[in-house]
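Worksheet for the structure shown next.
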Amino acid sequence: RLQEGRERLSVCSKLCYAVGGAPYQITGCALGFFLQIYLLDVAQLDPFYASIILFVGRAWDAITDPMVGFFISKTPWTRFGRLMPWIIFSTPFAVISYFLIWFVPDISRGQVMWYLVFYCIFQTLVTCFHVPYSALTMFISREQSERDSATAYRMTVEVLGTVLGTAIQGQIVGQAAAPCIESPVFIGKTNSSVAMEELNMTCDTGSLTDTRNAYMIAAGVIGGLYILCAVILWAGVREKRESSELQSDEPVSFLQGLKLVMNHSPYIKLIAGFLFTSLAFMLLEGNFALFCTYTLGFRNEFQNILLAIMLSATLTIPLWQWFLTRFGKKTAVYVGISSAIPFLIMVAVLDSNLIVTYIVAVAAGISVAAAFLLPWSMLPDVIDDFKLQHPDSHGHEAIFFSFYVFFTKFTSGVSLGISTLSLDFAGYQTRGCSQPSEVNFTLKMLVSAAPVGLILLGLLLFKLYPIDEEKRRKNKKALQDLR
């Protein structure tokens, strides 16, 4: 009891730890929901080039996770810890590169390279923040209950971060909507060239400039929050070296550790299950702004609909934390993530109705909360199981977290690139006030049919995951004895 008392974390420590998860979610949410529509309708890039930027950026982001995990495993301990220096030193450079993503350079050529380079630089730097931060879970306490509690605090703040990212980006940008241009197809083919020329002449170019400025203002606000959260994390959390070490720890090389991690069956099965469910929500996230704007026709309301989803998710995080404690984590996975299916079908099948859309958004947010909380709550259980099977191996926490993120990000990059490319093939009209029926059909598939199929596949694979509540309790007792 005395040992458990010493391992207990104060509420202040848990809050400071949780705040560190906000920068990744705030920037990730802003990029996930708004970068695609920004590249297409504000920077006015061709959909083909936009798909290249989105795919390469996400793929590079995925590659950097195991790279950073490798370098972290080789980083010696300092008086500030092994993980915290990565978090602090990457922060100012990440903020600068994030701002430049939302800046439209005044160059006729090279815009594609501009966005590609700064998107990749930012993804590298935010990885240098988030991978060590994720691994920090194993260095704040040896007690499973304390880590689970801290994870619940973290997930609440991270979902709140998605609310902030959606609110800041959406509300600032929503006040200066980019002007749209009617497609000649909808005006009449006989005078299409004349009509387009007249529309371009009468279009309010100042409004487009205002929209670009709004994106930069939002980027500045989000960058300030990024720095503030990093400072709070550094000031309020102490990295405990002994929290992750067992009595029999001996150093093992990175490649040996990687081989051990990838041969750990519960880890592979956990990745397989969450890979597809996470991909479903990322596909929905990447295309939802376009779906609301064009398919549902809520050009001036989509930012508020996104905000409703994230607020609902934030408020239901404590509910899911209680549910997984009461009924187990595997049950929470099945109930929480599958609850999104009827609402994803409903939003695509029903006619466009603003009230119904808000109701569906609030209901879908409940499932989003479960998808946020459960993977990060279950990864520490897998690491504990690994330590029992390999008591002579340590220092591989970053490998577990970074490769989980690697697989998720890489597949999401592929899906987002393919979805943007499919919009190009369907005939997407840049800055169009409306889109062809083929584009609307494609958007329905991307936010409804594809996510539903991915969720069902993920839940089917998740049945193979072997760590239930009984196994988790046995592991906890065995770890206490080993220590």
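Values computed for the structure shown
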| quantity | calculated |
| --- | --- |
| Test: residue in the stretch 344-357 that is within 30 Å of Thr151 (Cβ to Cβ), free of Cβ contacts under 8 Å to residues at least 40 places away in the same chain and under 22 Å from the mean Cα position of the chain (by Cα) | no |
| Options Val360, Val452, Val447, Val368: the member that is more than 20 Å from the chain's Cα centre (by Cα) and not assigned by the TED database to the domain that holds Leu39 | Val360 |
| Lone unmet requirement of (1) of a type outside the set (Ser, Thr, Tyr); (2) surrounded by fewer than 20 Cβ atoms within 10 Å (Cβ to Cβ); (3) under 21 Å from the mean Cα position of the chain (by Cα) for Gly328 | (3) |
| In the stretch 72-108, residue surrounded by the fewest Cβ atoms within 10 Å (Cβ to Cβ) [restricted to those that are among the aliphatic types (A, V, I, L, M) and more than 18 Å from Glu239 (Cα to Cα)] | Ile107 |
| Residue in the stretch 389-403 that is of a type in the set (Gly, Ala, Ser) and under 30 Å from Val56 (Cβ atoms) present | yes |
| Leu246 being of a type outside the set (Lys, Arg), touching a Pro at 6+ places or on another chain (Cβ under 7 Å) and modelled with pLDDT under 85 | yes |
| Single residue of the stretch 109-148 satisfying the filter (aromatic (Phe, Trp, Tyr) and open to solvent by 10 Å² or more (accessible area, probe 1.4 Å)) that is nearest to Cys16 (Cα to Cα) | Phe118 |
| Subset of the stretch 258-278 (residues that are farther than 16 Å from Tyr334 by Cα and open to solvent by less than 20 Å² (accessible area, probe 1.4 Å)) | Val261, His264, Pro266, Tyr267 |
| Test result for Gly21, under 22 Å from Glu158 (Cβ atoms) and crowded, with 23+ Cβ neighbours inside 10 Å | yes |
| Given (1) more than 16 Å from Phe274 (Cα to Cα); (2) touching a residue at least 40 places away in the same chain (Cβ under 8 Å); (3) among the small types (Gly, Ala, Ser), index of the condition Ser437 fails | (2) |
| Residue among Gln111, Gln169 that is modelled with pLDDT of 85 or more and within 20 Å of Ile227 (Cα to Cα) | Gln169 |
| Where Tyr465 falls short, out of the listed (1) buried (at least 18 other Cβ atoms within 10 Å of the Cβ); (2) in contact with a Phe, Trp or Tyr (Cβ under 9 Å, 6 or more places away or on another chain); (3) at pLDDT 85 or above | (2) |
| Close pairs (6 angstrom Cβ cut-off, 6 or more residues apart or separate chains): not assigned by the TED database to the domain that holds Gln25 in the stretch 79-108, in a helix (DSSP H, G or I) and open to solvent by less than 60 Å² (accessible area, probe 1.4 Å) anywhere | none |
| Those residues of the stretch 38-67 which are of a type in the set (Val, Ile, Thr), open to solvent by 10 Å² or more (accessible area, probe 1.4 Å) and at pLDDT 85 or above, in sequence order | Ile52, Val56 |
| Test for Ile455: is it open to solvent by less than 20 Å² (accessible area, probe 1.4 Å) and touching an Asp or Glu at 6+ places or on another chain (Cβ under 8 Å) | no |
| Test: residue in the stretch 377-399 that is part of a loop (DSSP other than H, G, I, E, B), closer than 30 Å to Pro66 by Cβ and acidic (Asp, Glu) | yes |
| Which listed residue is of a type in the set (Ser, Thr, Tyr) and closer than 30 Å to Leu296 by Cβ, from Ser377, Ser352 | Ser352 |
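The values are calculated or read from the model by the stated rules, or taken from the named source; none is laboratory data. Here the structure is a predicted model, which means the values were calculated and not measured. Cβ: placed from backbone, ideal geometry, glycine included. Neighbour counts: every protein chain shown. Heavy atoms of the whole protein, side chains included, go into the accessibility calculation; ligands, DNA and RNA do not. Shrake-Rupley method; radii C 1.70, N 1.55, O 1.52, S 1.80 Å.
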